[in-house]
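**Q** Following this message is one structure expressed as structure tokens.
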Amino acid sequence: MQPLPHAKNPTATRPGSLRTAWQAAHQPTTGVSRPIRLLAYAVPLVVLPSSIWRLPAVLDDGIGPGEQAYIVFLSILSEALAFTAIGLIARWGEVFPRWVPFLRGRRVPTRATVITSATAATILTLGTALTLVTQILGTTIRGDALPADSPGEAGGWETAWFYVCYAPLILWGPLLAVLTIAYWKRRAPRPAHPHPARHPGVAPRGRRVERGPPSRRPSHRVTPQVTASRMSHPAHGTRMDVVQPFVPDRRHA
């Protein structure tokens, strides 16, 4: 018995499936401009240097396995959160993908997405700006002096490398804010009547109102009415009907 085509090698990966998934995850949806798309692609890139900077600390002798796992997890988590910014321009940011249980195929709620993204953009902007200021001043957030083992106090190339890797993080919050605004403008519900109500006789700008035939004004022309009266003929003494036009008096009209 010949096996079914789909059961020949169920564990094999189809050629190009990873590439297809990568392209589908980054493919922008309709209505996204090129500048907004480039800004979305830039978010994971501005977070990547700081994630790479943490990884060499895993090789230090004084760090235990728990701290090593935490450093790796923090770097992966940072890139995963940065990747969610692409969802503000991609299809999976408007409709839940098939691999999401219980929500697959449903529309992503616009208001909840905007509120979450706006909150994250505010926290990131304030947090990164505050961290930069404290590093420049040489103090912590509480106002205490930085510890001696702080990267900003090491001096030399280590301090320069630290600032080069962490300086791009300042752009994370503002970029996310711009993407959130563009996402809201693209998905915000449109009003049923975009044009305000106008006077019936006033045409909206750029439109032509079709007018019907002009109404006929009441005519002052008087139609004579015919009345019949009886009169006697003097010569023959007989009575005859005479038809006379009746014209109403306009003074009482």
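For every residue, the table says whether it meets (1) without any contact (Cβ under 8 Å) to a residue 12 or more places away in the chain; (2) over 23 Å from Arg37 (Cα atoms).
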| position | (1), (2) |
| --- | --- |
| Arg106 | yes, yes |
| Val114 | no, no |
| Ala118 | no, no |
| Pro147 | yes, yes |
| Glu158 | yes, yes |
| Cys165 | no, yes |
| Leu169 | no, no |
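**Q** Let me ask something else about it. Can you confirm whether the stretch 209-224 contains a residue that is at pLDDT below 85, surrounded by 11 or more Cβ atoms within 10 Å (Cβ to Cβ) and charged (D, E, K, R)?
**A** Checked against the condition, which is being at pLDDT below 85, surrounded by 11 or more Cβ atoms within 10 Å (Cβ to Cβ) and charged (D, E, K, R), the stretch 209-224 yields no hits at all.
**Q** I need a count of the residues in the stretch 123-158 that are at positive phi and in contact with a Phe, Trp or Tyr (Cβ under 6 Å, 6 or more places away or on another chain).
**A** Looking only at that region, the number is 0.
Yes/no matrix, rows are residues, columns are (1) surrounded by 12 or more Cβ atoms within 10 Å (Cβ to Cβ); (2) touching a residue at least 24 places away in the same chain (Cβ under 8 Å); (3) part of a loop (DSSP other than H, G, I, E, B); (4) among the β-branched types (Val, Ile, Thr):
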{"residue": "Thr20", "(1), (2), (3), (4)": "no, no, no, yes"}
{"residue": "Gln23", "(1), (2), (3), (4)": "no, no, no, no"}
{"residue": "Thr30", "(1), (2), (3), (4)": "no, no, yes, yes"}
{"residue": "Ile36", "(1), (2), (3), (4)": "yes, yes, no, yes"}
{"residue": "Leu48", "(1), (2), (3), (4)": "yes, yes, no, no"}
{"residue": "Glu67", "(1), (2), (3), (4)": "yes, no, no, no"}
{"residue": "Phe73", "(1), (2), (3), (4)": "no, no, no, no"}
{"residue": "Ala82", "(1), (2), (3), (4)": "yes, yes, no, no"}
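**Q** State all residues of the stretch 84-122 that are assigned to a helix (DSSP H, G or I) and either under 21 Å from Trp53 (Cβ atoms) or among the acidic types (Asp, Glu) (or both); if no residue qualifies, say none.
**A** Ala85
**Q** For residues that are among the aliphatic types (A, V, I, L, M), surrounded by 14 or more Cβ atoms within 10 Å (Cβ to Cβ) and under 23 Å from Asp60 (Cβ atoms), tally how many sit in the stretch 116-170.
**A** The number of residues fulfilling the criteria is 3.
The values are calculated or read from the model by the stated rules, or taken from the named source; none is laboratory data. Remember, predicted model here, so these are calculated numbers, not experimental data. When we count neighbours, we look across all protein chains shown, and the Cβ atoms used for this are built from the backbone with ideal geometry, even at glycine.
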